[in-house]
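Just so you know, all these numbers are worked out from the coordinates, no wet-lab data involved. Note that the structure is a prediction, hence the values are computed from the model and not measured. As a convention, Cβ positions derive from the backbone with ideal geometry for all residues, glycine included, and neighbour counts pool all protein chains shown.
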Amino acid sequence: MTRGQWRKGVNAAMLSLTGLCTILVASVLFVILAYLAWNGGRSLNWDFFTKLPAPVGESGGGMVNAIVGSGKLLAVAVLIGVPTGFLGGVYLAEFGHGWFPYLVRYATDLLNGVPSIVMGIFAYAMVVHRMGHFSTVAGGVALGVMMIPIALRTTEEFLHGVPGSLREGAMALGASKSRTVFTVVVPAALDGIVSGMMLDLARVAGETAPLLFTALGNPFWSKGWLEPTASLPVMIYTYAISPYEDWHRQAWAAGFVLLSLVLAVNVAARLILSRATSHR
Amino acid sequence: MTSVTTPMFTPAPPTGESKPREHSEVKLRTEDLSFYYGSFKALHGVTLEILERRITALIGPSGCGKSTFLRALNRISESIRNSRIEGRITLDDADVLKMDVTALRRRVGMVFQRPNPFPKSIFDNVAYGVRVNGLADQRSLKEVVERSLHRAALWDEVKDKLHDSALALSGGQQQRLCIARALAIDPEVLLLDEPCSALDPIATAKIEDLLFNLKDQCTIVIVTHNMQQAARVADFTGFFLMGKLIEFDRTEIMFKKPSKKETEDYITGRFG
């Protein structure tokens, strides 16, 4: 065999090996998606979006309270996670220097690695224990704290991506540092920051563990913000481990709905991001 | 603006100029100005006088300190950590280093090496400085924007798309937009840091014409790598080498009869 043939042979072997692994990875994802879509789609009906859960033994019913509950939990999470993460990121990228931002960055990365169940315990101790009962707010706090690290680091990264020449340009026109940051630098990075926040939200939307002992669950409507509430991930958990066939179907449907929502948010975020990078 | 001073290097009588030059006042003056990046001394005691309504060019090889000098004049260099200024800078005899930095930059505008339009509309770019400094109400803002774009010779090219993104303009147009943006707040001095180095010859020629037309209205200091450019546009030229001002004189003299050997070597292309 000549050297050239050998080289071509190795190249072909490596190419097929990498191709095989790619197909393997993609196929795992698609099998999960297809299985979920098949089982979930079959069980999905209009009642799912409009009715409360049916009592055990009765068939039918839906999860409208869990869908609304997830929405409320995420709203609280956004109120806590986005402003904190955003302003913290602005501080790190634009104002901080010395050992303090280093410390913050390190702490943030550690916080990002904290298991979600620990976040749940934290929210339990801080909110549930003090208030004396489970609530939407407690669940929202757990999810909101989980959002902070990524919100903060994406803000920081996208602000770092804004060329220094823009900062100089604004300051040379007599703008103060904070004016420069909020009227030129942040707007220049806004699309990226927004898409990062959306991905962050999509990530915590599927969290179950921290909700188990904060928002708890609720087969009925949850009034206001201080009562326990149902949420899609917890409903999936409860229904999937139940012995009832009808509940299993509903769990599949809930999984499918949750996945579709997360996917929609992801796609929207990517679109915003591609718009951001194309006009630069 | 009370003292009438002659520049340090007394200019020779004008030669080959069509209109006679009236006496001009010193606008900006530096005295023994040194600049440090950390422990590195980038400028060694530069003393220089810049005359009002004249174009002053600063030339020299890369790393000679000409940009550092320019960026000290509006204190934009302050944003670099661990940097330090020594000496004195005066603007109309007022101490620049003690002045409120916002007020200083309102009077001393700057255009950078690479066009740096904000990712906003053309209108909002030009209006930015006016808004930040609260110089005009909404109605007169339009007039200011139009006048500034006229002064930067860009109006005819953008008048129908004022609300389009500034990033859609060509490089040369973007640089003129940056000049319009700087002119919108009516600066007394305009600093230009190699404004044409990222542009093609046609765009460069437009900017040079523009500088010529602007010099009745403000004092211009331009850093350039391009000696022909200095020769074409500047009334006075300063030559920097290794952080020192080697020679400063009328442009004709600098290019025809420089008194220092280093200047002559650089201008004739023997190094740099």
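Within 10 Å of each residue's Cβ, count the other Cβ atoms and sort B:Arg181, B:Arg131, A:Arg275 from fewest upward.
Values: B:Arg181 31, B:Arg131 18, A:Arg275 12.
Neighbour counts put them in this order, fewest first: A:Arg275, B:Arg131, B:Arg181.
So what's the back-of-envelope 222 nm ellipticity for chain B, counting only DSSP H runs of four-plus at -39500 (n - 2.57) apiece and dividing by all residues, rounded to 500? Taken over chain B, the calculation gives -9500 deg cm²/dmol. Kindly identify chain A as rounded, prolate or oblate by the Cα gyration tensor criterion: order the square roots of the eigenvalues as a ≥ b ≥ c, call it rounded if a/c is under 1.5, otherwise compare a/b with b/c, prolate if a/b is larger, else oblate. Here chain A falls in the oblate category. Projecting the Cα positions of A:Trp225, A:Val267, A:Ala189 onto the charge dipole of the stretch A:49-278 (unit charges on Cβ atoms of Lys, Arg, Asp and Glu, taken about the Cα centre) puts A:Ala189 furthest along the positive direction. Peptide A:182-188: average number of partner chain Cβ atoms within 10 Å per residue? Mean inter-chain Cβ contacts per residue within 10 Å come to 3. Using a Gaussian network model of chain A in which every pair of alpha carbons under 10 angstrom is joined by a spring, one finds that among A:Leu212, A:Leu15, A:Leu232 the greatest mean-square fluctuation is at A:Leu15.
When +1 charges are put on Lys and Arg Cβ atoms and -1 charges on Asp and Glu Cβ atoms, the dipole computed for chain B relative to its Cα centre reaches about 420 debye. Site pair A:Glu157 and A:Ser16 shows an inter-label distance of 3.7 nm when each label is modelled 7 Å from Cα along Cα→Cβ.
Each residue of the stretch A:118-124 was assigned a 3J(HN,Hα) from its phi angle through the Karplus curve 6.51 cos²θ - 1.76 cosθ + 1.60 (θ = phi - 60°); the sequence is 5, 4, x, 4, 4, 5, 4 Hz, with glycine and proline shown as x. With the helix formula -39500 (n - 2.57) applied to DSSP H stretches of n ≥ 4, chain A reaches a computed 222 nm mean residue ellipticity of -24000 deg cm²/dmol. Around the amide H of B:Ala57, modelled in the peptide plane, lie the amide H atoms of B:Ile222, B:Asp235, B:Phe236, B:Thr237, B:Gly238, all under 5 Å away and 5 or more residues distant in sequence or on another chain. Other residues lying with their Cβ under 13 Å from the Cβ of A:Leu87 contribute a combined charge of -2, Lys and Arg counting +1, Asp and Glu -1.
Secondary structure note: in the protein assembly as shown, about 60% of the DSSP beta bridges are antiparallel. The HN-Hα couplings worked out from phi for the stretch B:67-81 by the Karplus form 6.51 cos²θ - 1.76 cosθ + 1.60 (θ = phi - 60°) are 5, 4, 4, 4, 6, 7, 5, 10, 6, 6, 5, 4, 6, 7, 5 Hz, whole numbers, x standing for Gly and Pro. Dipole magnitude for the stretch B:113-246: computed about the Cα centre from +1 point charges on Lys and Arg Cβ and -1 point charges on Asp and Glu Cβ, it is near 200 debye. The aspartates and glutamates whose alpha-carbon is closer than 12 Å to the alpha-carbon of B:Lys244, local same-chain residues fewer than 8 away aside, are B:Asp32, B:Glu262.
Largest GNM mean-square fluctuation across A:Val56, A:Val76, A:Val114, computed for chain A with C-alpha springs under 10 Å, falls on A:Val56. Note on the protein assembly as shown: with charges restricted to the Cβ of Lys and Arg (+1) and Asp and Glu (-1), its dipole about the Cα centre is near 700 debye. Look at the dipole of the protein assembly as shown built from charges on Cβ: of B:Val108, A:Ala107, B:Val145, the Cα furthest out on the positive end belongs to A:Ala107.
Of B:Lys66/B:Lys257; A:Lys51/A:Lys72; B:Lys41/B:Lys98; B:Lys66/B:Lys260; A:Lys51/A:Lys223; B:Lys120/B:Lys159, which ones are farther than 20 Å apart at the Cα? Before the final figure, lay out each step's value.
Working: B:Lys66/B:Lys257 22 Å; A:Lys51/A:Lys72 18 Å; B:Lys41/B:Lys98 22 Å; B:Lys66/B:Lys260 18 Å; A:Lys51/A:Lys223 16 Å; B:Lys120/B:Lys159 16 Å.
In this structure, B:Lys66/B:Lys257; B:Lys41/B:Lys98 exceed 20 Å between Cα atoms.
Arranged from fewest to most other beta-carbon atoms within 10 Å of their beta carbon, B:Thr263, A:Thr84 become A:Thr84, B:Thr263.
Karplus-based coupling profile of the stretch A:156-168, in residue order and whole Hz: 4, 4, 5, 5, 4, x, 6, x, x, 4, 5, 4, 4, with θ = phi - 60° in 6.51 cos²θ - 1.76 cosθ + 1.60 and x standing for Gly or Pro. In terms of the Cα gyration tensor, with a ≥ b ≥ c the square roots of its eigenvalues, is the stretch A:1-157 rounded because a/c is under 1.5, prolate because a/b exceeds b/c, or oblate? Here the stretch A:1-157 falls in the oblate category.
Annotation: amide H of B:Ser83 within the under-5 Å range of B:Gly38, sequence separation 5 or more or interchain, hydrogens built in the peptide plane.
For A:Met198, A:Met14, A:Met147, B:Met254, what ranking results if the residue with the fewest other Cβ atoms within 10 Å of its Cβ goes first? Each step should come with its number before you reach the end.
On the way: A:Met198 18, A:Met14 10, A:Met147 23, B:Met254 27.
Exposure proxy ranking, most exposed first: A:Met14, A:Met198, A:Met147, B:Met254.
Per-residue mean of foreign Cβ neighbours for A:154-166 is 1 (Cβ atoms of other chains, 10 Å radius). Inter-chain Cβ neighbour count for B:113-124, averaged per residue, equals 4 (cutoff 10 Å, partner chain atoms only). Shape class of the protein assembly as shown from the Cα gyration tensor (axes a ≥ b ≥ c, square roots of the eigenvalues): prolate, since a/c reaches 1.5 or more and a/b is larger than b/c.
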